[in-house]
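Participant: Before I ask anything, let me first share the structure, which is written out below as structure tokens.
Any read-out appearing in this document is the output of simple, stated calculations on the displayed coordinates, not a laboratory observation. Please read all numbers here as calculations on a predicted model, not as lab measurements. FYI the Cβ positions are ideal-geometry reconstructions off the backbone, even for glycines, and counts take in every protein chain you see.
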Amino acid sequence: MTIRTAFLTLSLLALPVSTVIACDAPSAPIVPDGDSASLEEMVAAQAGIKAFQASNAEYLKCVDEQMATEKNLEDEGDEGAQERYALAAADYNAAVSREEQVAADFNTEIRAYKSANPD
């Protein structure tokens, strides 16, 4: 085995691990209590949620690319690729659910804020 072949083999084996490491899920922002939050806190929370959504979109793109890589590796006969694909798909679905929950929580608190501050 030449050095070049060995390097290529090691690079391919490391690909799924490096892909997993490259995808960093963003932390969900804290949603303030709409009954007691100030307008400034609600506006800041909205900005934090928009930033979270943008970061989550990048994360989903990364995981989607990871899933495509694992699918290709599975098609090439990599026995562990199917399990890694399933884990990546679960991460993807969890990230979508987390984003939906953050939006739902914020909408609930917006309604509470508007109810507590009718002017």
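Participant: What number comes out for the charge environment of Leu39, summing +1 per Lys or Arg and -1 per Asp or Glu over other residues with Cβ under 13 Å away? Walk me through the numbers before you get to the answer.
Facilitator: Numbers: positive: Lys114; negative: Glu40, Glu41, Glu109, Asp119.
Value of the local net charge: -3.
Participant: In straight Cα distance, which aspartates and glutamates are under 15 Å from Lys114, not counting same-chain residues fewer than 8 positions off?
Facilitator: Asp33, Asp35, Glu40, Glu41, Asp105
Participant: For region 27-105, what is the relative contact order in percent, using Cα pairs closer than 8 Å and at least 6 residues apart in sequence?
Facilitator: Details: 48 pairs, mean separation 27.7, N = 79.
For region 27-105, the relative contact order is 35 percent.
Participant: Fully extended, how many nm does the chain gain between Glu65 and Gln46 (0.36 nm per residue separation, minus their Cα-Cα distance)?
Facilitator: Numbers: separation 19, 0.36 × 19 = 6.84 nm, distance 2.87 nm.
Here the answer is 4.0 nm.
Participant: Return Asp119, Asp105 ranked ascending by Cβ neighbour count within 10 Å, so the fewest neighbours appear first.
Facilitator: Fewest to most other Cβ atoms nearby, the residues stand as Asp119, Asp105.
Participant: I've got another one for you. Along region 40-49, what does the Karplus equation 6.51 cos²θ - 1.76 cosθ + 1.60 (θ = phi - 60°) give for ³J(HN,Hα), rounded to whole Hz, x for Gly and Pro?
Facilitator: Each residue's phi maps through the Karplus curve to give 4, 5, 5, 5, 5, 5, 4, 5, x, 5 Hz.
Participant: So if we plug the beta-carbon distance of Ala90 and Asn117 into 1/(1 + (r/R0)^6) with R0 = 41 Å, what FRET efficiency do we get, rounded to 0.05? Don't jump to the answer; show the numbers that get you there.
Facilitator: Working: r = 40 Å, r/R0 = 0.98.
According to the calculation, E is roughly 0.55.
Participant: Report the one residue of Ala116, Gly80, Cys62 whose Cα lies farthest in the direction of the positive end of the charge dipole of region 52-119 (charges on C-beta: Lys and Arg +1, Asp and Glu -1; origin at the Cα centre).
Facilitator: Going by the Cα projections, it comes out as Ala116.
Participant: Let me ask another. Can you spot the lysines whose alpha carbon is less than 23 Å from Lys61's alpha carbon? Ignore those fewer than 8 places along the same chain.
Facilitator: Reachable lysines: Lys50, Lys71.
Participant: If you don't mind, there's one more thing I want to ask. Rounded to whole Hz and in sequence order, give me ³J(HN,Hα) for region 30-35 from the Karplus expression 6.51 cos²θ - 1.76 cosθ + 1.60, θ = phi - 60°, writing x for Gly and Pro.
Facilitator: For region 30-35, the Karplus-derived couplings read 7, 9, x, 6, x, 5 Hz, x marking Gly and Pro.
Participant: Around Glu74, what is the net charge, scoring Lys/Arg as +1 and Asp/Glu as -1 over all other residues with Cβ under 11 Å from its Cβ? List each step's numbers first, then the result.
Facilitator: Working: positive: Lys71, Arg84; negative: Glu70, Asp75, Glu76, Asp78, Glu79, Glu83.
Result for the local shell: -4.
Participant: Could I ask something else about it? Tabulate in residue order the Karplus-calculated ³J(HN,Hα) for region 95-112, using 6.51 cos²θ - 1.76 cosθ + 1.60 with θ = phi - 60°, rounded to whole Hz; enter x for Gly and Pro.
Facilitator: Residue by residue, region 95-112 yields 5, 5, 5, 4, 5, 5, 5, 4, 5, 5, 4, 5, 4, 4, 6, 4, 4, 5 Hz.
Participant: Quickly work out the Ala57-to-Asp24 label distance, labels modelled 7 Å from Cα along the C-beta direction, and quote it in nm with one decimal.
Facilitator: Placing both labels 7 Å beyond Cα along the Cβ direction yields 2.0 nm.
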